Amino acid sequence: MNPNTESQSPPPAVPVVTGPSDGPAEVAPPARVLVVDDEAVIREILSDFLTMEGFQVLTATDGAHALDVMETHPVNLVISDLKMPHMGGLELLANVREVHPEVVTLIMTGYGTVETAIEAMKRGAFDYVLKPFKVEEVMHTVRRGIEQQQLRAENIELKAALSLYRLAGRLGEEVELGPTLELIVDTVQTQTRADRTGVILVPAEHGAWHAPTAPFGLDDLTERARTATEPVIARNGRVFRWLVEAPHTEEITSLLMIPLISRGKRVGTLVAAREGGRPFAEGALKLGTIIADRAAVAVANAQLFETLEATFRTTIEAFVTALEDKDRYTAGHSERVADFARVTAEEMGLPPADVELIHQAGRLHDIGKLTLRSEELNKPGPLTDEEYERFKAHPRYGEELLGPIPTFRDVIPAVGGHHERWDGKGYPRGIAGLEIPLMARIMAVADTYDAMTSHRAYRSALPHAKAVAELERCRGTQFDPDIVDAFLVAIERWRDQRAAEGREYPR
Ligand SMILES: [Fe+2]
């Protein structure tokens, strides 16, 4: 048949699959071979023999048709003619290398074009066969090619297994949602070589989707994408079946979307996008799917943990209130210490995250006093030795109380060290100078100022000027001198502001 007349007839919409299909369950599925030739005779001969050899066979009439077929039907090996209309063998080879790097390619060529066949091998073809070919020779080469392909596939799986193994290990150590998502996103980004990666979470209680790292949000997904329960891989024109066209989605040329399913419930969607360059290959989808499987459980657990943690946080806040109710002299103490510590940290030029942290630490600094008895807290006279020992342990109790809760991890140094002294004569550890955590050194000044300027069971409040004089006297012995300096500037500003707001402040 004349190849030109053949090529003008449109390729069949659905490729015909011949060969064995459903074997016994324990036998691996037969390898799939795609025969690409514009000559029907060649396609037929190769199909027949390859089927007899036990392969599943698909056919295509040229390179462009072959790529179409591969889009929906994964194959192990492509055996292709060199010269075809629309898209020849070399161009097909280049495309297969990009889009389906796990697929092995064989080139068929006539005697006159051996040079080109060698060129094809340089560009990554596995081997070539000369036309007219001996069928036995072709079958032998195909079998070798399939072996090669299985090695490649195993390599990809090994790589996936290794990255999954590492990810699983690190996920096992992480309980918080943010870092868990970061780990997953990092792994997917590296493994699939995506330009942008993220996780879009299914709302837990608050009704809004939360996409801290995703290249796009829920609103950018089509209805079809929101409800997809199977992994999706999309390239070029097909991306917009899944994404709404918008300025920030326009650049995306290839997309992976993998639902995260934990205990039968969808917790989110893993998304990876490329902007230009090579589109995602099947290998990337496979890797992504394996990672998603492990990630889903981790995300579900982290969400559960977040809910638990929010409960803990509320409980601790309630404890602080309970503590201040228990000790009538210290009502508002924690809140004021938090305020003084915050303005001091601001005065020292600490970063906003640290300022926020020190404010939180101020609220919690005396949480360990929950372990003391009411009558000890309110005792007007001096404490017995035993009572004093118990009192001195309250920073340690505070550490123990907050220790198991990761959100409070960063405030623990301030809680445990707020009664240490610059000269090392404090408690519970007796550490000195810069050994004492910065937050604890700030807390010590803020705490002492408030203690002096509030009424206590055993004495009445000191005026502001006396408290300042006392801090100056203890500058360099009890307190870090730099922090006293910062505090004394900050407290004046704080008092001015309170006065301007018509609120109470130490006179
Ligand atoms: Fe304290």
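Tell me the residue from Leu77, Leu67 that is modelled with pLDDT of 90 or more and either closer than 19 Å to Pro132 by Cα or out of contact with any Gly (no Cβ under 7 Å at 6 or more places or on another chain) (or both), please. It is Leu67.
Taking segment 305-345 as the range and being polar (S, T, N, Q) and surrounded by fewer than 18 Cβ atoms within 10 Å (Cβ to Cβ) as the test, the residues that pass are Thr307, Thr311, Thr314, Thr315, Thr321. Selection of first residues in segment 393-418 that are among the aromatic types (Phe, Trp, Tyr) and of second residues that are more than 11 Å from the ligand (Cβ to nearest atom), restricted to Cβ pairs under 7 Å at least 6 apart or on distinct chains, gives the following pairs, ordered by first then second residue: Tyr397/Thr371; Phe408/Leu402.
Looking only at segment 249-274, filter to residues that are assigned to a strand (DSSP E or B) and hydroxyl-bearing (Ser, Thr, Tyr); which one of those is farthest from Thr192 (Cα to Cα)?
If we filter segment 249-274 for residues that are assigned to a strand (DSSP E or B), which is where we start, we get 254-262, 265-274.
Okay, now just the ones that are also hydroxyl-bearing (Ser, Thr, Tyr), so 254, 262, 269.
On the way: Ser254: 12, Ser262: 22, Thr269: 16 Å.
The qualifying residue farthest from Thr192 (Cα to Cα) is Ser262.
Which of the following residues is at pLDDT 95 or above and not in a helix (DSSP H, G or I): Arg421, Arg441? Walk me through it before giving the result.
Values: Arg441 fails: not in a helix (DSSP H, G or I).
Unique residue meeting the criteria: Arg421.
Residues in segment 341-372 that are more than 29 Å from the chain's Cα centre (by Cα) and within 15 Å of the ligand (Cβ to nearest atom): 12 in all. When Gly277, Gly362, Gly283 are checked against the criterion of being within 30 Å of Arg166 (Cα to Cα) and part of a helix (DSSP H, G or I), a single residue qualifies: Gly283. Among the residues of segment 395-412, just one is surrounded by 19 or more Cβ atoms within 10 Å (Cβ to Cβ) and in contact with a Pro (Cβ under 6 Å, 6 or more places away or on another chain), namely Pro395.
Across segment 127-160, the number of residues qualifying as more than 16 Å from Asn76 (Cα to Cα), under 47 Å from the mean Cα position of the chain (by Cα) and not hydroxyl-bearing (Ser, Thr, Tyr) comes to 3. The single residue among Met84, Met70 that is surrounded by 19 or more Cβ atoms within 10 Å (Cβ to Cβ) and in a loop (DSSP other than H, G, I, E, B) turns out to be Met84. Select from segment 202-248 the residues that are exposed (fewer than 13 other Cβ atoms within 10 Å of the Cβ) and of a type in the set (Gly, Ala, Ser) and write down the one among them that is modelled with the highest pLDDT. Result: Ala246. The one condition from (1) modelled with pLDDT under 55; (2) buried (at least 16 other Cβ atoms within 10 Å of the Cβ); (3) under 18 Å from Gln150 (Cβ atoms) that Glu26 does not meet is (2).
With Asp485, Asp450, Asp496 as the choices, which residue is out of contact with any helix residue (DSSP H, G or I) (no Cβ under 8 Å at 6 or more places or on another chain), surrounded by 14 or more Cβ atoms within 10 Å (Cβ to Cβ) and either touching a residue at least 12 places away in the same chain (Cβ under 8 Å) or over 30 Å from Lys326 (Cβ atoms) (or both)? Explain how you work it out, then say what you get.
Details: Asp450 fails: out of contact with any helix residue (DSSP H, G or I) (no Cβ under 8 Å at 6 or more places or on another chain); Asp496 fails: surrounded by 14 or more Cβ atoms within 10 Å (Cβ to Cβ).
When all the criteria are applied, what remains is Asp485.
Here is a list: Val33, Val142. Which entry is modelled with pLDDT of 90 or more and either under 26 Å from Arg274 (Cα atoms) or in a helix (DSSP H, G or I) (or both)? Don't jump to the end; show me each part of the working.
Working: Val33 fails: either under 26 Å from Arg274 (Cα atoms) or in a helix (DSSP H, G or I) (or both).
Being modelled with pLDDT of 90 or more and either under 26 Å from Arg274 (Cα atoms) or in a helix (DSSP H, G or I) (or both) holds for just one of Val33, Val142, which is Val142.
Screening segment 319-335 for residues that are charged (D, E, K, R) and farther than 20 Å from Pro506 by Cβ and picking the one that is farthest from the ligand (Cβ to nearest atom) gives Asp325. Checked against (1) buried (at least 19 other Cβ atoms within 10 Å of the Cβ); (2) within 14 Å of the ligand (Cβ to nearest atom), Trp422 passes all but condition (2).
Consider Ala338 carefully, then state whether it is touching a Gly at 6+ places or on another chain (Cβ under 9 Å) and either away from the ligand (no atom under 15 Å from the Cβ) or assigned to a helix (DSSP H, G or I) (or both).
On the way: touching a Gly at 6+ places or on another chain (Cβ under 9 Å): yes; either away from the ligand (no atom under 15 Å from the Cβ) or assigned to a helix (DSSP H, G or I) (or both): yes.
The answer is yes for Ala338.
Report yes if Glu386 is without any contact (Cβ under 8 Å) to a residue 12 or more places away in the chain, outside any loop (DSSP other than H, G, I, E, B) and away from the ligand (no atom under 12 Å from the Cβ), otherwise no. So Glu386 fits the description; yes. Here are some residues: Ala469, Ala432, Ala461, Ala490. Which one is at pLDDT 95 or above, more than 14 Å from the ligand (Cβ to nearest atom) and in contact with a Ser or Thr (Cβ under 6 Å, 6 or more places away or on another chain)? Result: Ala490 is the single residue among Ala469, Ala432, Ala461, Ala490 that is at pLDDT 95 or above, more than 14 Å from the ligand (Cβ to nearest atom) and in contact with a Ser or Thr (Cβ under 6 Å, 6 or more places away or on another chain). Give the residues of segment 392-418 that are among the small types (Gly, Ala, Ser) and either assigned to a loop (DSSP other than H, G, I, E, B) or away from the ligand (no atom under 14 Å from the Cβ) (or both), sorted by residue number. Answer for segment 392-418, where residues must be among the small types (Gly, Ala, Ser) and either assigned to a loop (DSSP other than H, G, I, E, B) or away from the ligand (no atom under 14 Å from the Cβ) (or both): Ala393, Gly403. Could you tell me whether any residue of segment 385-394 is closer than 18 Å to Glu324 by Cβ and surrounded by fewer than 13 Cβ atoms within 10 Å (Cβ to Cβ)? Among the residues of segment 385-394, not one is closer than 18 Å to Glu324 by Cβ and surrounded by fewer than 13 Cβ atoms within 10 Å (Cβ to Cβ), which makes the answer no.
Among residues belonging to segment 373-383 that are outside any loop (DSSP other than H, G, I, E, B) and touching a Phe, Trp or Tyr at 6+ places or on another chain (Cβ under 9 Å), point out the one that is nearest to the ligand (Cβ to nearest atom). Reasoning before the result, please.
First, the residues of segment 373-383 that are outside any loop (DSSP other than H, G, I, E, B): 374-377.
Next cut, touching a Phe, Trp or Tyr at 6+ places or on another chain (Cβ under 9 Å) only: 376-377.
Values: Glu376: 13, Leu377: 11 Å.
Here the answer is Leu377.
Exactly one residue out of Gly381, Gly362, Gly368 is in contact with a Leu (Cβ under 9 Å, 6 or more places away or on another chain) and touching a residue at least 24 places away in the same chain (Cβ under 8 Å), and it is Gly368.
Being surrounded by 13 or more Cβ atoms within 10 Å (Cβ to Cβ), hydrophobic (A, V, I, L, M, F, W, C) and in contact with a helix residue (DSSP H, G or I) (Cβ under 6 Å, 6 or more places away or on another chain) is the requirement here; does Leu372 meet it? Let's see the steps before the verdict.
Working: surrounded by 13 or more Cβ atoms within 10 Å (Cβ to Cβ): yes; hydrophobic (A, V, I, L, M, F, W, C): yes; in contact with a helix residue (DSSP H, G or I) (Cβ under 6 Å, 6 or more places away or on another chain): no.
No; evaluated as a whole, the condition is false for this residue.
The values are calculated or read from the model by the stated rules, or taken from the named source; none is laboratory data. Since the structure is predicted, the reported quantities are computational estimates derived from the model, not experimental observations. Cβ: placed from backbone, ideal geometry, glycine included. Neighbour counts: every protein chain shown.
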